[in-house]
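Enquirer: Okay, handing you the structure first.
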Amino acid sequence: MSKLIIAPSILAADFANLEREVKMLNESEADWIHVDIMDGEFVPNISFGIPVTEAIKRHAKKPLDVHLMIVHPERYVEAFHKAGAEIISVHIEACNHLHRNIQQIKALGCKAGVAINPHTSVAALENTIADIDLICMMSVNPGFGGQKFIEGTYQKVKQLKELIRKTGSKALIEIDGGVNLTNAKPLKEAGADALVAGNFVFSASDPKSVISQLKSV
């Protein structure tokens, strides 16, 4: 079984010391840097936008995994690509024309991700999964960090893994929300390929050690 991809969420970092936090991630065993973009409309919170993403990119030596929790993502994917995103995930719930959104992201040369909320069925991905590079499965309701992990996620990961196998898709499964050392191993065993961890990493006294422990699950 290959090692998990670990993508710490910069949303939980100390924004007053962003350069220092990004450099810490560069020196860690993290694979990607997860960047949560929230618009206050699709989710009940506002995070940051294109200028902060550009600032992160200036110091990052790891790929930026940009998660757009916004309405009308098609209006902004090009700007986030220019800001340094290498992976861009849009929410299935925010896209009326998901196939078009996926193709738009791919045309920019980015990996195309699709995020799904806890209440959204895996079956909703059936007609597009062959074109998707990454499925960002929310294991909390999006909008705020530090929420409790939803236990039904394990079963949902197994369903998604089966759909990927059945369709011959190459999509990776990324879990976002409430990830810690207790659920990391069962998530991997259920079929997860990548884990997003925010508060669990950045609130630790030794974030690099926590990332290393998640990586070696």
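Enquirer: May I ask you to list pairs of residues, at least six apart or on different chains, whose Cβ atoms are under 7 Å apart, with the first in the range 151-165 being hydroxyl-bearing (Ser, Thr, Tyr) and the second being surrounded by 12 or more Cβ atoms within 10 Å (Cβ to Cβ) and part of a loop (DSSP other than H, G, I, E, B)?
Expert: From residues that are hydroxyl-bearing (Ser, Thr, Tyr), the pairs are 153/139.
Enquirer: Sort out which residues of the range 87-113 are closer than 23 Å to residue 60 by Cα and either among the hydrophobic types (A, V, I, L, M, F, W, C) or without any contact (Cβ under 8 Å) to a residue 40 or more places away in the chain (or both), and write them in order of number.
Expert: 87, 88, 90, 105, 106, 108, 109, 110, 111, 112 - these are the residues of the range 87-113 that are closer than 23 Å to residue 60 by Cα and either among the hydrophobic types (A, V, I, L, M, F, W, C) or without any contact (Cβ under 8 Å) to a residue 40 or more places away in the chain (or both).
Enquirer: Applying the selection to the range 45-71, what residues are in a loop (DSSP other than H, G, I, E, B), more than 11 Å from residue 10 (Cβ to Cβ) and touching a strand residue (DSSP E or B) at 6+ places or on another chain (Cβ under 8 Å)?
Expert: 45, 49, 63, 70, 71
Enquirer: Return the residues of the range 172-217 that are part of a loop (DSSP other than H, G, I, E, B), in contact with a strand residue (DSSP E or B) (Cβ under 7 Å, 6 or more places away or on another chain), touching a residue at least 60 places away in the same chain (Cβ under 8 Å) and within 26 Å of residue 129 (Cβ to Cβ); say none if nothing qualifies.
Expert: Of everything in the range 172-217, those that are part of a loop (DSSP other than H, G, I, E, B), in contact with a strand residue (DSSP E or B) (Cβ under 7 Å, 6 or more places away or on another chain), touching a residue at least 60 places away in the same chain (Cβ under 8 Å) and within 26 Å of residue 129 (Cβ to Cβ) turn out to be 192, 193.
Enquirer: Mind checking whether some residue in the range 48-58 is closer than 16 Å to residue 113 by Cα and either modelled with pLDDT under 95 or not polar (S, T, N, Q) (or both)?
Expert: Looking through the range 48-58, none of the residues is closer than 16 Å to residue 113 by Cα and either modelled with pLDDT under 95 or not polar (S, T, N, Q) (or both).
Enquirer: What do you reckon, is residue 68 over 17 Å from the mean Cα position of the chain (by Cα) and either surrounded by 17 or more Cβ atoms within 10 Å (Cβ to Cβ) or among the polar types (S, T, N, Q) (or both)?
Expert: In short, no.
Enquirer: Using the structure shown, decide if residue 111 is of a type in the set (Lys, Arg) and over 19 Å from residue 198 (Cα atoms).
Expert: When the stated conditions are applied, residue 111 passes them.
Enquirer: Taking residue 197, is it of a type outside the set (Lys, Arg) and surrounded by 17 or more Cβ atoms within 10 Å (Cβ to Cβ)?
Expert: yes
Enquirer: Which is in contact with a Phe, Trp or Tyr (Cβ under 9 Å, 6 or more places away or on another chain) and either surrounded by 19 or more Cβ atoms within 10 Å (Cβ to Cβ) or outside any loop (DSSP other than H, G, I, E, B) (or both), of 78, 93?
Expert: After ruling out the rest, the residue left standing is 93.
Enquirer: Something else: Going by the conditions given, is residue 144 aromatic (Phe, Trp, Tyr), more than 19 Å from residue 44 (Cβ to Cβ) and part of a loop (DSSP other than H, G, I, E, B)?
Expert: So residue 144 does not fit the description; no.
Enquirer: Which condition from (1) in contact with a helix residue (DSSP H, G or I) (Cβ under 9 Å, 6 or more places away or on another chain); (2) within 28 Å of residue 15 (Cβ to Cβ); (3) without any contact (Cβ under 8 Å) to a residue 40 or more places away in the chain is the one that residue 141 breaks?
Expert: Checking residue 141 against (1) in contact with a helix residue (DSSP H, G or I) (Cβ under 9 Å, 6 or more places away or on another chain); (2) within 28 Å of residue 15 (Cβ to Cβ); (3) without any contact (Cβ under 8 Å) to a residue 40 or more places away in the chain, the one that fails is (1).
The values are calculated or read from the model by the stated rules, or taken from the named source; none is laboratory data. What you see is a predicted model; the values in this text were computed from it and never measured. Note: ideal-geometry Cβ built from the backbone for every residue, glycine included; neighbour counts use all protein chains shown.
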